[in-house]
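Heads up: the structure comes next, in C-alpha cells.
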Amino acid sequence: MRTPQRASVRFHLAFAVLGVTFLAIFSWVFLKEYLAEWRTTQAQFDQLQRRVKDPHALSLAAPLGEIQQIWLPDLNRVDRCPTCHLGIDDPAFVSAPEPYTTHPGAWLRTHAPDRFGCTSCHGGQGEATDFRNAAHQPIPYWSDPMRSPQLIEANCGACHRERRPRQAVWLEKGREVIANAGCIACHDIPGFSLEELRAPRLESVGYKVRPEWLRTWLADPKAYLAQARMPNFRLEPPEIDSLSAFLLAQRETAPLDSAGIDWSKADRDRGRTVFGEARCVTCHRLEGRGGTMGPELTTVGSKVGRAWLFSFIKDPTHDQPGTLMLRYRFTDDQIRDLVAYLTEDLIDPGAPQASSEVRYVEPALIERGREAFVRHGCYGCHRFSGMVDLGKIGPSLLGIGDRAIEAADFRNAAVVPSRPNWLFLKLRAPDTLADQSRMPTFNFSEPDAAAAVVALLSIRRADLPVSRVTDQPRPVRYEPQGTFGALVARYRCLSCHQTRGWGGELSTVPLDRIGSQLQHAYLVSYLQLPSAVRVSLEERMPWFRMTREEARTLADYLAGVFVDDSLERPVPLDADAARRGARLYQTLGCRGCHSLGGTGGYVGPDLSDSGRRLKPGWIEAWLSDPGRWKPGTLQPNYGLKPEEARSLTAYLMTLSTDRSGSTP
Amino acid sequence: MGRTIFRVGWPRTDKDRAAAMISSLVLHIHPAKVQRHSLRASYTLGLGLTSAYLFGVLIVTGVVLMLYYTPHPLDAYRNMKDLQFVVTFGPVLRNMHRWAAHAMVVVVFLHMCRVFFTGAYKEPRQFNWVLGVGLLLLTLGLSFTGYLLPWDQLAFWAITVGSNIAGYAPGLGAEIKYLLLGGNVIESGALLRFYVLHCVILPLLAAMLIAMHVYRVRKDGLSAPPAAEPPPIEEMAPGRFPPSTRSYGLMALADRPAQPVVESEPDDEVLTWPHLLYREVLVLLAVLIALHAAALLFNAPLEEIADPTRTPNPAKAPWYFLGLQELVSYSALIGGVLVPTLLVLALVLVPYLDPVPRGVGVWFAPERSRANRIFAALASAAVALTLVGMFFRGPNWAWVWPWTP
Amino acid sequence: MDVFGRQAQEEGLSRIETDGKRLFVHYCVTCHGETGEGDGQNASTLAPAPPDFRASLPVHQPAYWKQIIEAGSVAVGRSPLCPPWGRTLPSDDITALVAYLGVLSRPAGQKPVEPAAKAPASP
C-alpha cells in the first residue's frame, strides 16, 4: 500500500483548513447581519438621545433595535426612512446632525408622516435600510431618487393639481409656463386639457399680413417680436416658401369694405391721440411699455395691411371670432386716423421691402405648404377649417415624470443622463437631444425651463387615489345672454375681468359682487369714461366710448345680479363716528398706501371720492377682514373693533371730490 | 439506544466500516469499496458530486426563500426588496440561491464534458448518460423558471426573449409558448406557472432523475479503466448481466461476475469509509466556502420593477441561452429550433452511436480521438456563441467590443 | 454638466429663504424696494421714508424685525406707515420673511451658510 499515513495527514490538514475557513466565513454572515448600517446608526442615536433628553422623556422614547416603517397601502409605499431619521418629528433634535435632525419648517404638521410617509414628497427608495440604497443620491436601477431642493416641488404637484398650488413657487411658475407656451396644442397634458389656445385663425390670413413680414416671422417669430408666443420651428427656406404660399392663398373672409375711406384725410397725430385715449397700451406693448395680452404694436405697420387693420378695428370678430380684442365705438374717421398712425408711424425701417407676389400662387407650392402646415402641427394652435380631427402631433405627456432615461438619449456626453436634465434640454433646445425632434424651439429662459421641468415631473404615470389628490374645480364657461350679454361680448369684459372664476386675469377686481361694492351712479359714469382709481397702474380700463344707454344697461345688470346680500346692510353714519374715523385714518397710517386729495401713497386705490364711489356695507366688511374678500391682498387686517370699522366707514363716506371743502 | 439508530456504531475496523456503509440508509448509496482510480481528483474533478451539493444548497435556500415570496406581480418585486433590506439573512440567502443556480449550470455542463472525454458513458452506462442529458435540460429549466420570479426588468425581458425562442418552433410554437406563459404575454398567469414549475414540478423531476442517476452509478460503479479486457460482447449469452469492471457486488449473484473476485488486484480497491467519504466532506466544505464567499461579496442583480412598456436594448435571454439567442439572430427557425433539437437528439444518442467500448476511464483516450474532437468542437462552439451573446452584442444586437464604453 | 445643480448654486437661498423672498416681493417691495434699500415705487410718498435695510437691519435682532412685521412699526414707537401683518400672514410666513430679512442684512455677495448636509447637491 502507498503510505496511507502520509495521505491521511494531508487529508486531515485539508480538513482543518477548510473547516476553519468555513466557520470563519459562516460567522461573517452573522457579523454582517449584526453590524448592519441601520443598527449602528440607531446605536449612535441612542447615545445622542441620552445627552439630549431627560430621563423621563427617555423612558417614553420609542424602543430602538427595530426597523421603523410607514406603510401606505393606497400609495403602494413602504417607507423605512424613520429607521435612521429617528428625531424627525421631535423638536428636541432640531440642532442634531443628519440623519437625526428634526424636519425643518412646518411641513410635518400639514403632512403627517404616518399619513404621507417620506418618499411621497422626497422621492428615494423607501424600502431601503441603508444610505446608499435609499437613493439619497441617484443609484442604478432606481428611477426615483431623492429630489433635490430645486425639484422637490415636482412631488408636491403629484397630489396638488391646482394651477396655483400654495407655497410651491417653482411648480406654480412651471404650470404657468406650460399653459402660456401652449404645450397642449401638440401634447395631451393631464390637468391642462381645458387650457384655451390664443392663436389667430388663419383662414383669411392672406388679406392680413404682408408677404415679406410672413417670411421673417416663419423663419423666427422672436426676431420680429421678443414676446412672440409662437416658437421657432427651425424651418428650412423651401418650407418657408411653401408655407408662405399656402398661407397667403388663404382668403376666406374679405375685410370689411374700406373703399369709401379717403386716406388722404388721415391724421396720424389724431390717430396717436385716439390710441392713447382708448388705452390700447393696457393690452398692447409699444416701445417696451404696456400689456402683453395682445401683440406688441411697435412695428405693426410692417406686419399688416391697411385695409385689414381698418376692418379689424371696426369689428375684430369679423375674421377672428374668438379674439380677446374689444370692439370700440369709434367713428370711421377715428379708425382711419388710428390705422394711419399704426401703419405709417409704427414701422420697422429695417424690415425687408415688398417683393413680387407672383411666385406665391403656384398650386404645387401651395400644396407643399399645406403639407408642411400639417407636418409641423400648425393646426394645433391655429384652428383651421378642414383640419379639425387631425389629432395632436406630439405624444401624450401622461407619465412624463416617470419617463425612462437612457444615456443614449443625450448627444452631449457631458450632461448627466437624468430625467430632469433630459426635460430641461428638450425644452430649451430640442435639437440637442439624440432623437430627431419636430418640437419647435421656444427659447425658454433657464428659470422658466427649470420651472416647467418641475411641473412636468409632477405628471406621474400611476394615478393616485382620489382621496390623495387636491384640485380646484375648473371654472365653467360663463356666457351671459341678452342685451347685457351682447355688451359683455362686444366690450370683451371677460378678457380682463373674472366672475365665478371664469375670465381674464388682467383686472384684480372680480365682478362677482361688484354691484354691492360700487354705487350705481358711479358705475354708469365710470363705464362711460373710466378714471384712474389706482394711479400707479399702467393697465387701466379702456375708454370704450360706449353710449350712456349701454353704460346704464351694464350698471343695472351689475347692480341687480352681481351682488352679495351680506354686504347690502345699512351702516349708521353719524358725524361723531366720522370724526373718530378721521382720527383713526391718521393713527393707523392709512395714508402710507392710500392717497387723499393728491397726497399719500399709491399702493391702494385713491380714496378722495370714496363717498360717491363705494357702498358703506362693503367698506365695513372689507376693513373688518380684507383677506376674506381678496386672498393675498396688500391691505392688512388691522384687527379693528366693529365700532372702529364703522367709524372709518362713516369717515370714508364723507369723502367726495364733488363738494369742495370735504377733502382734508 | 444509540444502536437502534446507528447499527454499527463508530467503525474501528475495516469490517465495521464496510458494515456501516451497507447498513446505513444514507451511506447505502455508496459501495463498501471503491476503486482507487476513481477516487483520483484529477479523474472526476468532483463535478458530479459538486452538482449534487449545489442542488442540495438550492433546495435548502429555495425552501427558505419560498417563505418570503408571493407569486404575484404586485407582491413579487416588493418581496425581493424586503429580502434585500429587512429579512434577516435575506440578502445572503438570495445571493447564495442565485449564484448556486448559475454555478450548477456551469458545473453540470462541465460534468457532461468530463464524462464524454473520459468515455464514461460507454457500456454499461449508456442509459445513465441519457439520464444525465435529462438532468442538464432540467437544470436549465429550473434556472430559467427561477429567472422570472424576482419580477424585475432583467427577469421580465430575459423570459420574454427566452419564451419567444420557444415560439419559433414550427406548427406548435405558439401553442408551446401559450402553455408556458398561460397566456400570450408575461403577467400574473406566467409568473404563477413559472413559480409552480420552479418550486414543485421541476425539482421533483430533478430529484427523481438524480436518484436514478446516482442509483445507476452505484449499480454500475464508478467508471475506471478495466483491469483486463472485458469479454467480447458476442460471447455473452442473452439475458446475462453485462460484464462489469466491479469486483464487489451488492448481492452475490451466482452467475456474475465472470471473473472471480480473487483474480482482480485487491490493492486497487479501498474502503469507501474513510477514503471516499473524507473526500466528499472536503468537496462539500469547499463548495460551501465558495458559495458563502460569492454570496457575501456579490449581490444578486435586481433591476427596476418589470415594465412591459419599456424594452431594454438589447433585451437578452438568461446567459446560458445567449448562444441560442445568437443563433436565433441569424435564423429563428434553424438557430432557435433545428440546431438545439438536433443537438439534444445527438446528445441522447451519443452512447448508442458510439458503441466501441474502448478508451474508457482515461482522459482523451487516443482510441477515441475522433469522437473527442467532434465533441470538443461542438462544446467550444456553444461556449463561444454564449460568450459572443454575453459580451459582444450591444443595442439592436449589433456587434460591440466589450472594452469600448 | 448638471443643469439643475447649477441652478441651485446660482439661487443660493435655502427653502425657507426662498419662501421669504416670495412674500417680500409680494408684500414689501412696493415701499422697501427689491433689495430693501427703501427705494420702492411708493417710498417717495412716505414721510418718514422707509429705512435702508442694509444699515438698519444689523442694528437689531431678528426678534425685533419680527415684532415690526407682526404688530407694525407703531409697536416699536415709530410712524404707523408700516402696517401690522400679524393678523394677515400665518406665523410660518412671518418666520420665512424674517429668514429672508436675514439674507438682506448680510453684506452683498456673502452666501448664506447652509446647515451641514441638508441639501443633496444634484437631482
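Worth a mention:
- Just one of the listed residues (A:440, A:363) is touching a Pro at 6+ places or on another chain (Cβ under 7 Å), under 23 Å from residue A:238 (Cα atoms) and at pLDDT 80 or above, and it is A:440.
- Selected residue (only one of A:587, A:657, A:649 is modelled with pLDDT of 90 or more and more than 14 Å from chain C (Cβ to nearest Cβ)): A:649
- Annotation note: of A:16, A:43, the sole residue that is part of a helix (DSSP H, G or I) and away from chain B (no Cβ under 13 Å) is A:43.
- Number of the condition not met by residue A:313 [criteria: (1) in a helix (DSSP H, G or I); (2) in contact with a Leu (Cβ under 6 Å, 6 or more places away or on another chain); (3) over 19 Å from residue A:349 (Cα atoms)]: (2)
- Test: residue A:246 is more than 30 Å from residue A:531 (Cα to Cα), touching a residue at least 40 places away in the same chain (Cβ under 8 Å), assigned to a helix (DSSP H, G or I) and aromatic (Phe, Trp, Tyr): yes
- Only residues that are in a loop (DSSP other than H, G, I, E, B), away from chain C (no Cβ under 14 Å) and closer than 19 Å to residue A:170 by Cβ were counted across the range A:430-470, and they come to 3.
- Qualifying residue in the range A:516-524 (condition: under 26 Å from the mean Cα position of the chain (by Cα) and either under 19 Å from residue A:631 (Cβ atoms) or not aromatic (Phe, Trp, Tyr) (or both)): no
- Residue selected from the range B:388-405 under the condition over 9 Å from residue B:314 (Cβ atoms) and touching a residue at least 12 places away in the same chain (Cβ under 8 Å), by the criterion nearest to the other protein chains (Cβ to nearest Cβ): B:390
- Taking the range B:350-405 as the range and being among the basic types (Lys, Arg), out of contact with any helix residue (DSSP H, G or I) (no Cβ under 8 Å at 6 or more places or on another chain) and within 23 Å of residue B:40 (Cβ to Cβ) as the test, only B:368 passes.
- Close Cβ contacts (under 9 Å, 6 or more residues apart or on different chains) running from residues in the range A:281-305 that are without any contact (Cβ under 8 Å) to a residue 40 or more places away in the chain to residues that are among the basic types (Lys, Arg) and in a loop (DSSP other than H, G, I, E, B) comprise A:294/A:285.
- Those residues of the range B:116-131 which are among the β-branched types (Val, Ile, Thr) and crowded, with 21+ Cβ neighbours inside 10 Å, in sequence order: B:118
- Lone qualifier among A:106, A:112, A:135 - being touching a helix residue (DSSP H, G or I) at 6+ places or on another chain (Cβ under 6 Å) and not hydroxyl-bearing (Ser, Thr, Tyr): A:106
- Qualifying residue in the range A:622-630 (condition: away from chain C (no Cβ under 14 Å) and surrounded by fewer than 20 Cβ atoms within 10 Å (Cβ to Cβ)): no
- Pairs, first within 21 Å of residue B:220 (Cα to Cα) in the range B:358-373, second among the charged types (D, E, K, R), C-beta under 6 Å, six or more apart: B:358/B:367; B:359/B:367; B:359/B:368; B:360/B:122
- Identity of the residue in the range A:122-152, within 9 Å of chain B (Cβ to nearest Cβ) and touching a residue at least 24 places away in the same chain (Cβ under 8 Å), that ends up surrounded by the most Cβ atoms within 10 Å (Cβ to Cβ): A:128
- Restricting the first member to the range A:407-425 and to residues that are under 15 Å from residue A:454 (Cβ atoms) and within 7 Å of chain C (Cβ to nearest Cβ), and the second to residues that are modelled with pLDDT under 80 and assigned to a helix (DSSP H, G or I), the beta-carbon pairs closer than 6 Å and six or more apart or on different chains are A:420/C:4; A:421/C:3; A:424/C:3.
- In the range B:76-117, residue nearest to the other protein chains (Cβ to nearest Cβ) [restricted to those that are in contact with a Phe, Trp or Tyr (Cβ under 8 Å, 6 or more places away or on another chain) and farther than 30 Å from residue B:386 by Cα]: B:82
- Evaluated against (1) out of contact with any Gly (no Cβ under 6 Å at 6 or more places or on another chain); (2) within 24 Å of residue A:528 (Cβ to Cβ); (3) away from every other protein chain (no Cβ under 14 Å); (4) in a loop (DSSP other than H, G, I, E, B), residue A:611 falls short on exactly one condition, (4).
- Considering the conditions (1) free of Cβ contacts under 8 Å to residues at least 24 places away in the same chain; (2) crowded, with 17+ Cβ neighbours inside 10 Å; (3) away from every other protein chain (no Cβ under 14 Å), residue A:576 is excluded by exactly one of them, (2).
- Subset of the range B:35-82 (residues that are in contact (Cβ under 8 Å) with a residue 60 or more places away in the chain, over 21 Å from residue A:14 (Cβ atoms) and in a loop (DSSP other than H, G, I, E, B)): B:69, B:71, B:72
- Filter result for the condition that a residue is closer than 25 Å to residue C:72 by Cα and over 38 Å from the mean Cα position of the chain (by Cα), over A:581, A:589: A:581
- Selection within the range B:153-196 - within 17 Å of residue B:335 (Cβ to Cβ) and assigned to a loop (DSSP other than H, G, I, E, B): B:167, B:168, B:169, B:170
- Filter result for residue A:106 (away from chain B (no Cβ under 14 Å) and either touching a residue at least 24 places away in the same chain (Cβ under 8 Å) or out of contact with any Phe, Trp or Tyr (no Cβ under 6 Å at 6 or more places or on another chain) (or both)): yes
- Test result for residue B:229, under 27 Å from residue B:112 (Cα atoms), acidic (Asp, Glu) and at pLDDT below 80: yes
- Qualifying residues in the range B:358-383 (those that are touching a Lys or Arg at 6+ places or on another chain (Cβ under 8 Å) and in a loop (DSSP other than H, G, I, E, B)) - the one modelled with the highest pLDDT: B:365
- Residue in the range B:146-168 that is more than 26 Å from residue B:84 (Cβ to Cβ) and either among the β-branched types (Val, Ile, Thr) or under 19 Å from the mean Cα position of the chain (by Cα) (or both) present: yes
Quick grid of which residues meet (1) buried (at least 20 other Cβ atoms within 10 Å of the Cβ); (2) farther than 30 Å from residue A:452 by Cα; (3) at pLDDT 90 or above; (4) of a type in the set (D, E, K, R):
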{"position": "C:19", "(1), (2), (3), (4)": "yes, no, no, yes"}
{"position": "C:22", "(1), (2), (3), (4)": "no, no, no, yes"}
{"position": "C:33", "(1), (2), (3), (4)": "no, no, yes, no"}
{"position": "C:38", "(1), (2), (3), (4)": "no, yes, no, no"}
{"position": "C:55", "(1), (2), (3), (4)": "no, yes, no, no"}
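- Residue match in the range B:103-115 (condition: crowded, with 19+ Cβ neighbours inside 10 Å and not in a helix (DSSP H, G or I)): no
The values are calculated or read from the model by the stated rules, or taken from the named source; none is laboratory data. Since this is a predicted model, take the numbers as computed values, not measurements. Neighbour counts run over all protein chains shown; Cβ positions are idealised from the backbone, glycine included.
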